[in-house]
Structures are given as structure tokens and as C-alpha cells.
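Engineer: Handing you a structure now.
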Amino acid sequence: METMERDAAYIASQCKFLRKKFGLTQENLAEIAGLTTRTIQEVENGRHVPDMQTLLSISRGVGFDVAMFSKPTPERERRQQEEIDGALRQTILVPTSPIRTANDFFSRNREWHAIMIDSAAVAAKDALELTVTILEWMDDLDGVWGISTPMQRLGYATSIADLCLELEGLGYLTHFGHFRQQHMRDRGTILGVALLAFLPKAGHDGDRYSLVTLDDPWEVPVKDRPKV
């Protein structure tokens, strides 16, 4: 793919199109691509041809082949549009923020039917053991949160926040968020999903977004998809 023809104006228009199609800001795209916002701005101004590594980072971030930035034939353009439409149905941008206090969990938790975990960044044994303990707490809350009293919920939230602070002391943050997914064939089945991402504190200290790709037979409910 190193020999692909690169046209600065076309690349700029594709980058803007993909970003807006997924409902991303320049900052969001920079984060998921591992680039700076300034780099995304330079790509989208169309005055210079981006290097190949930049294009690879962007394409991997949104889950497409880097060929997306090469001017297509009419037939390829039709297939590209089909690929983008398909990805849009199964990709959602999930806002998350760290759990540091009991209220961070107490005020944001709600009933969920499934939980998605991202602990790939945790390598140290002691930190990994803490993530497992946090996940065990989440499993214990499955179906219990909704029938608990406010005081019981506060107790659960306090215990989880204490574990998250202990994990932060080891250099990792517990990011927490929610999203919904809809069954492709049974449109009446919409499930709430909790997202827990354990991330290095460096570079992830604050609100962030996670780009989540849903597996078949699930897709993003129409009302939750970005409007372009």
C-alpha cells in the first residue's frame, strides 16, 4: 500500500467525511488514532500530503483499510460507501470518565444487561488482580442495583471507588461509561451495556471517548447513531 496514490485534497475530504460520519470531533479522532489534534487539523486542511504512517493511524483508529484514502474507481466508491454504512451501524462512540469517588459511580451507574471490559493495557500482576476484584463487584451488582436502597447503592459505590483509587495508585484509571445495542433481527431487543476500560493514568486522566465495534447480531440503535 506504500505505492497508493495520495491526493491531499481527497485525503482531507475523506478524513472529514469519516470523522463526521462517526460523529467524531477532531480531538476524538486524534485520541483514537493516537495522534495530536494538530495533526488531524493539518490532514483536513488539504494543503499537504500526509505521510503514510499518519494515514495508517487514522484508518486503524476508525477500523478501515488505508485504501480508504486512495481515490477510488466508481465501483470501489460504491463499495466504500457500503462499508462505511455497515460500520456506522455497528460502531458507537462511548463517553467515559474515571471513577475516583463514590459519587462518580453512584450518580452514573444504571441497570445494564451486559458488561464490556477493556483491560488489555494492564500488565502488572498486582494491578491485574485489582481489576479482577472490581469486575467481581460489577458481576455481584448485576440485577441487584435496581432493587437496592439508596444507602445500599452508596455502600456499593464506595467500595468500588476505593478499589479504583487503589488501582490508580498503581498507575491505572478505571474509566466507566454506558451504551445501548439493538438486535439486528429482533428490533424490540435493546440492551444496556456497561463499559469498563482500565487505562494507564498517563494520557487518560479525564473524560475520554472509546470507539466500540459491536459484534453480530448487534448494532447501534438508530436514535443513537450520529446524525450527519
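Engineer: Beyond 23 Å, what share of the Cα-Cα pairs of segment 32-163 remains, rounded to the nearest whole percent?
Structural biologist: Here the tail beyond 23 Å accounts for 56 percent of pairs.
Engineer: List, in the order given, every pair from Lys16/Lys71; Lys21/Lys223; Lys201/Lys223; Lys20/Lys223; Lys71/Lys223 whose Cα-Cα distance in the structure shown is over 23 Å.
Structural biologist: Where the Cα-Cα span goes over 23 Å, the pairs concerned are Lys201/Lys223; Lys71/Lys223.
Engineer: Specify which residue in the list Met138, Cys15, Ile92 is farthest towards the positive end of the charge dipole of the chain, using unit charges on the beta carbon of Lys, Arg (+1) and Asp, Glu (-1), about the Cα centre.
Structural biologist: With unit charges placed on the Cβ atoms, the residue in question is Cys15.
Engineer: Might you report the magnitude of the Cβ-based charge dipole of the chain about its Cα centre, with Lys and Arg at +1 and Asp and Glu at -1, to the nearest 20 debye?
Structural biologist: Dipole of the chain, to the nearest 20 debye: 920 debye.
Engineer: While we're looking at this one, here's another question. Under unit Cβ charges (Lys, Arg +1; Asp, Glu -1), what dipole magnitude, rounded to 20 debye, does segment 8-71 have relative to its Cα centre?
Structural biologist: Magnitude of the dipole: close to 220 debye.
Engineer: Using helices alone, what [θ] at 222 nm do you get for the chain, with -39,500 (n - 2.57) per DSSP H run of 4 or more residues, divided over all residues and rounded to the nearest 500?
Structural biologist: Helices in the chain give a 222 nm mean residue ellipticity of -14000 deg cm²/dmol.
Engineer: What per residue convex hull volume, in Å³, do the alpha-carbon atoms of segment 148-228 yield?
Structural biologist: Convex hull of Cα atoms, per residue: 144 Å³.
Engineer: What relative contact order, as a whole-number percentage, does the chain give when Cα pairs under 8 Å and 6 or more residues apart are counted?
Structural biologist: Once divided by the residue count of the chain, the mean separation gives 26 percent.
Engineer: Return P(r) of segment 28-92 (all Cα-Cα pairs; 10 Å bins starting at 0; whole %; ordered from short to long distances).
Structural biologist: In whole percents, the pair-distance histogram is 19, 48, 31, 2.
Engineer: A further question on this structure: Kirkwood hydrodynamic radius of segment 128-172 from all distinct Cα pairs, in Å?
Structural biologist: Across segment 128-172, the inverse of the average 1/r is 11.1 Å.
Engineer: Can you give the Kirkwood hydrodynamic radius of segment 15-61 from its Cα pairs, in Å with one decimal?
Structural biologist: Roughly 10.4 Å, rounded to one decimal.
Engineer: Counting C-alpha atoms alone, how compact is the chain: give Rg to one decimal and Dmax as a whole number, in angstrom.
Structural biologist: Radius of gyration, then largest Cα-Cα span, for the chain: 19.9, 63 Å.
Engineer: Post the alpha-carbon centroid distance, segment 69-100 to segment 171-228, in whole angstrom.
Structural biologist: Value for the Cα centre distance between the two parts: 15 Å.
Engineer: Given the options Ser107, Ser70, Phe198, identify the residue whose Cα lies farthest towards the positive end of the charge dipole of the chain (+1 on Cβ of Lys, Arg; -1 on Cβ of Asp, Glu).
Structural biologist: Comparing the listed Cα positions along the dipole, Ser70 ranks first.
Engineer: Report the Stokes-Einstein translational diffusion coefficient (µm² s⁻¹, integer) for segment 56-104, Rh taken as the Kirkwood radius over Cα pairs, at 37 °C with viscosity 0.692 mPa s.
Structural biologist: Translational D for this selection: 246 µm²/s.
Engineer: Moving on to the next point. How long are the three semi-axes of the equivalent ellipsoid of segment 93-224, in whole Å, if each is the root of 5 times an eigenvalue of the C-alpha gyration tensor, listed from largest down?
Structural biologist: So the equivalent ellipsoid measures 25, 19, 13 Å along its semi-axes.
Engineer: Now a separate question. Please give the charge dipole size of segment 169-228, origin at the Cα centre, charges +1 on K and R Cβ atoms and -1 on D and E Cβ atoms. Round to the nearest 20 debye.
Structural biologist: My answer is approximately 200 debye.
Any read-out appearing in this document is the output of simple, stated calculations on the displayed coordinates, not a laboratory observation. Everything numeric in this text was worked out from a predicted model, so none of it was measured. Neighbour counts run over all protein chains shown; Cβ positions are idealised from the backbone, glycine included.
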